[in-house]
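The values are calculated or read from the model by the stated rules, or taken from the named source; none is laboratory data. Model, not experiment: these values are computed from the prediction. Positions of Cβ are generated from backbone atoms using ideal geometry, with glycine treated the same way; all protein chains shown enter the neighbour counts. What goes into the accessible areas is simple: the full protein's heavy atoms, side chains included, and nothing from ligands, DNA or RNA. Shrake-Rupley method; radii C 1.70, N 1.55, O 1.52, S 1.80 Å.
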Amino acid sequence: MQTFEIVSALGRRKKPVAYLRYDEEAHSAEIEICADAQIYQVPAMFNGFLERGEYRIDADWTLSWISERVPPPSRHNILDILEGAGLDDYNPYELLIAAEGRCSQDDFFLREVSDSDSGEPRTAGERFEYSVVSMKESLGEMIARERKCAGLTQKELAYKAGIQQSMLSRLERGQVNPTIETLQCIANALEKDIEIRFT
């Protein structure tokens, strides 16, 4: 399960107005609108839900919202779009994630969070995520190099590591900060040891 904040790029606080939870195995997602969100703060499609006092948007309505934000499978250059997103097959959820939820209709975007970031305080023993910006690109390049040396495609390595191909693609491009757990899965799939140093 991946969790994303739905955030407006307008304003300085960038506080989430809702959360999108994507179940990769079931290929479905649901949206939970934040209890303090106001009608004028959320994407237009959410207004009817808030007016009725509903904060949970089911999988069907969530897919409708996602489908409005990603190119349709019938688009003439869809293969180029999929290649740019690091995808082999059309998947609206993965396309949304690859584009960080951005579209020309509004100023909302997705910001991925770990389970411990979604409103619950961090506790000892939870997975540690590093965010050293200067390391991201070189780490992604290193993973891409090791993958190619192993003769694996992104799809093959993602499958062996048990992660989504779009996540691996973004990691190799330096667009995400992976967790230690994710790095360990990739290292295992590449039959490599992982060593993390703080200098």
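What the table below lists for this structure:
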read-out	value
Index of the failed condition, residue 94 passing every other in (1) open to solvent by 40 Å² or more (accessible area, probe 1.4 Å); (2) modelled with pLDDT of 85 or more	(1)
Residue in region 137-144 that is among the aliphatic types (A, V, I, L, M), at pLDDT below 70 and surrounded by fewer than 13 Cβ atoms within 10 Å (Cβ to Cβ) present	no
Meets criteria (open to solvent by 40 Å² or more (accessible area, probe 1.4 Å), modelled with pLDDT of 90 or more, touching a Ser or Thr at 6+ places or on another chain (Cβ under 8 Å) and not in a loop (DSSP other than H, G, I, E, B)) for residue 79	no
Tally, over region 57-76, of residues that are assigned to a loop (DSSP other than H, G, I, E, B) and touching a strand residue (DSSP E or B) at 6+ places or on another chain (Cβ under 8 Å)	1
Qualifying position, being modelled with pLDDT of 90 or more and out of contact with any His (no Cβ under 9 Å at 6 or more places or on another chain), among 32, 24	32
Residue among 49, 108 that is more than 18 Å from the chain's Cα centre (by Cα) and either crowded, with 16+ Cβ neighbours inside 10 Å or closer than 22 Å to residue 179 by Cα (or both)	49
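Residues are listed down the side, and each one gets a yes or a no for (1) out of contact with any Phe, Trp or Tyr (no Cβ under 8 Å at 6 or more places or on another chain); (2) of a type in the set (Gly, Ala, Ser):
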| residue | (1), (2) |
| --- | --- |
| 23 | yes, no |
| 33 | no, no |
| 59 | yes, yes |
| 67 | yes, yes |
| 88 | yes, no |
| 92 | yes, no |
